[in-house]
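First the structure, in the form of structure tokens, and then the observations on it.
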Amino acid sequence: MNKSDLIKVAHLLKSARHVGVLTGAGISAESGIPTFRDSQTGLWANFKVEDLATREAFECNPDFVWQWHVARRIMLINTFPNPGHRVIAWLADAVDQLTLITQNVDGLHQAAGSPIVHELHGNIKRTKCFKYGHPIEQSLADNHPDSPPECPVCGSLARPDVVWFGEVLPTKVFGIANDATIHADLFFVIGTSGHVQPAAAFGLMALESGATVVVINPDPDSAIPGGMFLQGLSGVVLPQLVKHGWGIPASVFQDQVSTRKF
Ligand code: OAD
């Protein structure tokens with residue numbers, strides 16, 4: 001990680017009027033959740049996410065798609081936010097305005113204490129019905145690990161409340177994300193490969209609207225031309241930004257207990 005870039009971004013962060021933050025699976029990697037591109041192991045190793053997370057796949061084999069999501073939900077039991085999530089939660093109070101947009105469905109930003117989280121791809125801990133999107137009690141879903149139960153209202157099958165490939169993003173969240181790309185003066189793109197639209201375009205859109213765009217990722221391929229790039233793990237880079245901007249030691253964000261307010 002380039003130290004002068006780190007210090008520059010820390011100062012920009014401290015003086016920013018509106019900070020936009022887009023996160024992807026990488027921010028949860030240090031919590032032990034495999035990223036999307038790394039996650040297909042075991043029974044699902046031969047299936048691409050893009051072939052499982054679709055309405056067509058569910059219609060064709062609902063049990064299989066349901067079990068895949070159940071396995072992903074089980075993986076989240078006993079996972080906790082890491083320093084990257086905690087810094088973002090802390091920043092919500094520390095900067096003038098912060099808009100947090102996540103592609104993640106794991107709820108770890110909320111667990112870290114982020115007051116408002118705009119979930120672009122839904123949340124895997126919620127369930128709705130396939131046909132009309134009626135909300136379904138999570139306890140009902142949890143009691144059916146092998147096959148999706150029926151919706152008590154309309155009888156169609158239960159499905160996870162996540163956005164599958166080919167589905168439209170929630171309009172309100174998309175609008176908020178769009179606004180953030182227009183109005184933020186500093187826009188972070190953290191832990192995302194940029195493979196999935198429209199989120200992949202947000203960094204570029206923010207850049208075109210005049211924001212300083214900062215990518216945080218260990219993979220140099222994720223850098224956005226014209227933006228800044230802080231190479232490294234988000235759980236390491238983000239605490240360093242706070243250290244250089246506010247003088248708060250990185251170790252503060254390691255502590256599970258003091259996650260929320262300082
Ligand atoms: P990916 O799995 O495509 O990319 C994860 C990114 O995180 C990669 O660029 C890694 O280099 C980076 N990364 C890994 N560890 C990291 C760390 N500790 N700190 C920072 N970055 C790290 O995940 P997404 O880009 O989030 O969509 O995937 C986008 C969407 O594709 C997902 O929301 C999902 C998926 O298929 C739907 O389900 C609709």
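The values are calculated or read from the model by the stated rules, or taken from the named source; none is laboratory data. This one's a predicted model, so the numbers in the text were calculated from it and none came from an experiment. Here the Cβ positions follow ideal geometry from the backbone for every residue, glycine too, while neighbour counts run over all protein chains shown. Note: areas computed on protein heavy atoms with side chains; ligands, DNA, RNA excluded. Shrake-Rupley method; radii C 1.70, N 1.55, O 1.52, S 1.80 Å.
Numerical summary
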{"read-out": "Test result for Asn78, part of a loop (DSSP other than H, G, I, E, B) and either modelled with pLDDT under 95 or farther than 27 Å from Pro34 by Cα (or both)", "value": "yes"}
{"read-out": "Count - residues of the stretch 107-130 that are in contact (Cβ under 8 Å) with a residue 40 or more places away in the chain and either closer than 15 Å to Ala180 by Cβ or in contact with a strand residue (DSSP E or B) (Cβ under 7 Å, 6 or more places away or on another chain) (or both)", "value": "8"}
{"read-out": "Looking only at the stretch 100-134, and only at residues there that are buried (at least 19 other Cβ atoms within 10 Å of the Cβ) and farther than 24 Å from Ala158 by Cβ, the one that is nearest to the ligand (Cβ to nearest atom)", "value": "Ile101"}
{"read-out": "Sole exception among (1) of a type in the set (Asp, Glu); (2) under 15 Å from Val236 (Cα atoms); (3) not in a helix (DSSP H, G or I) for Asp96, by number", "value": "(2)"}
{"read-out": "Residue within the stretch 5-25 that is in a helix (DSSP H, G or I), within 20 Å of Glu119 (Cα to Cα) and within 14 Å of the ligand (Cβ to nearest atom) present", "value": "no"}
{"read-out": "Matching residues in the stretch 168-208 - criterion: being open to solvent by less than 60 Å² (accessible area, probe 1.4 Å), free of Cβ contacts under 8 Å to residues at least 40 places away in the same chain and either part of a helix (DSSP H, G or I) or among the acidic types (Asp, Glu) (or both)", "value": "Gly175, Asn178, Ala200, Ala201, Met205, Leu207"}
